[in-house]
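Written below as structure tokens is the structure these notes are about.
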There are 2 protein chains.
Amino acid sequence: MSLIVMKFGGSSVGTTERMQRVAKRIADYKEAGHRVVVVVSAMGDTTDDLIDQSKQLNPNPPAREMDMLLTTGEQISVALLSMAIHAIGHRAVSFTGWQAGIRTEAVHGKARISDITPDRIFGALDAGNAVIVAGFQGMTDDGEITTLGRGGSDTTAVALAAAIKADVCEIYTDVDGVYSTDPRVVKCARKLDEISYDEMLELANLGAAVLHPRAVEYAKHNNVRLVVRSSFTQNEGTTVKEEAVMEQGVVVRGIAFDKNVARISILGVEDEPGVLAKVFGALAEGGIDVDIIVQSGVLGGKADFSFTVSKDDQEKATQVVESIRASVPYREVTSEVDLVKVSIVGAGMVSNPGVAAKMFDVISKLGVSIKMVSTSEIKVSCVIAAEGVQDVIRGLHTAYGLDTAEQVFVGGPQDRR
Amino acid sequence: MSLIVMKFGGSSVGTTERMQRVAKRIADYKEAGHRVVVVVSAMGDTTDDLIDQSKQLNPNPPAREMDMLLTTGEQISVALLSMAIHAIGHRAVSFTGWQAGIRTEAVHGKARISDITPDRIFGALDAGNAVIVAGFQGMTDDGEITTLGRGGSDTTAVALAAAIKADVCEIYTDVDGVYSTDPRVVKCARKLDEISYDEMLELANLGAAVLHPRAVEYAKHNNVRLVVRSSFTQNEGTTVKEEAVMEQGVVVRGIAFDKNVARISILGVEDEPGVLAKVFGALAEGGIDVDIIVQSGVLGGKADFSFTVSKDDQEKATQVVESIRASVPYREVTSEVDLVKVSIVGAGMVSNPGVAAKMFDVISKLGVSIKMVSTSEIKVSCVIAAEGVQDVIRGLHTAYGLDTAEQVFVGGPQDRR
């Protein structure tokens, strides 16, 4: 008998039939003797529909009222799921975030969970219920309703699992688990049986976006065993935990890529102390997130450096750089879009020299030039032109021994070609 | 500067435009210096849509989960209305029932309000907000979400008005106020300026059903001044209060009618003590509400008596009567549907003899026979065949001096004939 947290996203409960399938899965666990706490997101398009309604009345609605509005989506889900469980003869009780004892900071739209008091959850479990908790929401100490922001339901599930000391937190989604890369790009991508928290964090930008980075961080911090699996099949899924076993001979766990990349280069900057601080201080004040930063060597007292931002921030970042020209003299600022950041991720690469060299070799043999490089203990990232990216990902996938014998078919049998 | 409670029903906030119109009305009050608490129902068909969704998953959903589901309808309304008020430059804050401090009994689907702690409401008013409260809902002492059942939002408004000692509780609806009778039947029905709580209770079954009897009772008990008015016009509406001024020469305030009437007659009953108690005890056990009861004189130790029930209960009531034949011997049970109860209502009739006689005279001159009669201090009711009812209502309306000079036009200009 285990204590299990199950989390179902909006598409897993998007229709009556899907809701019934989820109810059946919960009932199966109860019949097997498990104690079950379920976290649910709003059904299908509910949240988007509510946002549309609000925009018609107010293009800039107060965040507090937006939280009041959006939290109804999850409340509808939990009530309906509880009814569906009753319909097949099992006890269930639904809770809003505040009823489940989820306290958050006093911030609207992106609050962090500050504390969970799971007394009512345990009471309902002890009475033989499946406990259905609304994801994505909580309450402040002043009784204000809050939402947790993006990835909120994943975070609710992980935080609840930590608070009730669950044996496992299962994240149900519309894919089978975490893949070595996006199966839509590489047909022979392999599903991973295990992965470490750190690797999962680095892979969080993979195509399927199965797990929100914030939830992974929370799981790592609280040592919550996560399983990512499909709500449509009985397949095993991928386990995310501290020490994941690496297969024989495999060093790289997966290939991630991010298409939302723009590069800004500042050329001919006077090489004075404090220049970098001035530039990136100004960007931070402008609310612009900078990812990779590369500085070339200094030549004749002048330096060149480049950094990446998201495509949306490219224009604004350029304006910020131009606005500080008086205090940071430079020759020229240039920018480039249509870039992709490709990353190889694997905890094994620290102890395997030559992993990065192989990456550069594969990319250069494909005739693609590398514009920027960034490394960490478990990751090497290269920024390249967007047009070559599919070949690069496939080449890296093969070179690091990640290809499966069989192809992965995405989108059902009709895609089999 | 007044403290005003305004209540808007589902059709008053059913579209974006209507929601904006309501927001404007609230803003006007705020600009005039009033402190405003607003109670809102779920928008348009929201509640019915949620019920439909639930039925697909569970034909008999647990009442607790139904309350979790349905209370989202009002939460959506209050959040959107608050946003609409912000959009036109005024401060507003929305509250669920529990946030507004509304406590109820621990009953789902039809809880009664047990207590209101309006601290948060006053706090928000003091901060300059219009306070928007979700109608129809509350919370038990154990933190369970409840609904108040039919007429719930009216009751929320009246109970809040009592708790915060509001100067007035305005009930906004889609008609101009309370009419002397249903304007769809009598074109020259008049809108009443004032009416007493007791009269309003008797008239509660009038066509427009503008105010739920439970809310009127609550208002009477707590002496809350009610105003029923249209959310689409600036007309004055009808004030409901303890002592309503009667116009010169008018004794009857209005004509009510109820088409949902069936008569059961038990003929040739042994006239023994306890017979009536046995019959109506059995009906009460069967959950059947009995309205008018009439017993004829006793002839040869046998009595006849009749009573009315709602049409839906006619078959079940007949079965109950047949089931107790062993303990209450009688000759025959008969029943009749297609009946209407017509009532004249007015606090003035106590001190005006001949009011009932005039009613019987008007009805008999129209060639309609009266099947049952019931009277109270402020009401005389006659049960007649349904086919004659329109003529009877029009005749009574004229006879008691209720006709306006002008006809009332219902449903817009195209109805003008």
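The numbers here are math on the coordinates, done by the rules we state, and not lab data. On a predicted model such as this, the values are computed, not experimentally measured, just so you know. For neighbour counting, all protein chains shown are included, and Cβ atoms are generated from backbone atoms with ideal geometry for every residue, glycine included.
Look at B:201, A:211 and count the other Cβ atoms within 10 Å of each Cβ; fewest to most, that gives B:201, A:211. Mean per-residue shielding of peptide B:52-62 is 6, counting Cβ atoms of other chains within 10 Å of each Cβ.
Residue and whole-Å distance for the chain A Cβ lying nearest the axis of the A-onto-B rotation are A:72, 2. For B:230, A:376, the sequence from fewest to most other C-beta atoms within 10 Å is A:376, B:230. Binning all Cα-Cα separations of chain A at 20 Å, short to long from zero, yields these whole-percent fractions: 24, 50, 24, 2. Ranked by how many other Cβ atoms sit within 10 Å of their own Cβ, fewest first, the residues A:289, A:258 fall in the order A:289, A:258.
Given a Förster distance of 60 Å, report the FRET efficiency between residue A:294 and residue B:63 from their Cβ-Cβ distance, rounded to the nearest 0.05. Working from the Cβ atoms, E equals 0.40.
Once each part is reduced to its C-alpha centroid, what is the distance from segment A:156-176 to segment B:87-142 in angstrom? First find each Cα centre; the distance between them is then 34 Å. Over segment B:1-94, the alpha carbon radius of gyration divided by the compact-protein estimate 2.2 N^0.38 Å works out to 1.25. Note on residue A:184 and residue A:364: the model spin-label points, each 7 Å out from Cα along the C-beta direction, lie 3.3 nm apart. For segment B:255-399, the residue among B:324, B:346, B:314 whose Cα projects farthest onto the positive side of the dipole built from Cβ charges is B:346.
Rounded to the nearest whole Hz, the Karplus-based 3J(HN,Hα) values (6.51 cos²θ - 1.76 cosθ + 1.60, θ = phi - 60°) of segment B:156-164 follow the sequence 4, 4, 5, 5, 5, 4, 5, 5, 9, with x at glycine and proline.
Converting phi to 3J(HN,Hα) with the Karplus coefficients 6.51, -1.76 and 1.60 and the offset θ = phi - 60°, segment A:226-231 yields 9, 10, 9, 8, 7, 7 Hz in sequence order, with x at every glycine or proline.
Just so you know, the averaged projected area of the alpha carbon convex hull for segment A:242-354 sits at 9.7 nm². At the listed q of 0.14, 0.27, 0.28 Å⁻¹, the Debye profile of segment A:272-326, built from one uniform point per Cα, gives log10 I(q)/I(0) equal to -0.38, -1.23, -1.29. A cut-off of 5 Å between modelled amide H atoms, ignoring neighbours fewer than 5 places along the same chain, links residue A:181 with A:190, A:255. Inter-copy label distances for residue A:287: 5.7 nm (label point placed 7 Å from Cα along Cα→Cβ; shortest first).
Scanning residues 5 or more positions from residue B:372 or on other chains, those with amide H under 5 Å from its amide H are B:383, with H placed 1.01 Å from N in the peptide plane. Sorted from shortest to longest, the distances between the residue A:233 label points of this copy and the other copies are 6.6 nm, with each point 7 Å from Cα along the line through the beta carbon.
Taking a straight line from the alpha carbon of residue A:358, these lysines sit under 29 Å away, with near neighbours fewer than eight places off in the same chain left out: A:187, A:191, A:241, A:259, A:311, A:341, A:371, A:379.
Residues whose amide H comes within less than 5 Å of that of residue B:132, counting only those at least five positions distant or on another chain, are B:38, B:93, B:94, B:95 (H built at 1.01 Å from N in the peptide plane). Taking the label point 7 Å along Cα→Cβ, residue A:123 and its counterparts in the other copies are spaced 2.3 nm apart, in ascending order.
For the protein assembly as shown, the share of DSSP beta bridges that are antiparallel, to the nearest 5, is 60%. Each DSSP beta bridge with both residues in chain B is either parallel or antiparallel, and the antiparallel ones are about 60%.
Taking the DSSP beta bridges with both ends in segment A:3-173, the antiparallel portion is around 25 percent. Per-residue mean of foreign Cβ neighbours for B:97-103 is 2 (Cβ atoms of other chains, 10 Å radius). Per-residue mean of foreign Cβ neighbours for A:10-19 is 1 (Cβ atoms of other chains, 10 Å radius). Taking only the alpha carbons of the protein assembly as shown, we obtain Rg and Dmax values of 35.5, 130 Å in that order.
Couplings 3J(HN,Hα) for segment A:326-338, derived from phi with the Karplus relation 6.51 cos²θ - 1.76 cosθ + 1.60 (θ = phi - 60°), are 4, 8, 10, x, 8, 7, 7, 10, 10, 9, 8, 10, 6 Hz, where x marks Gly and Pro.
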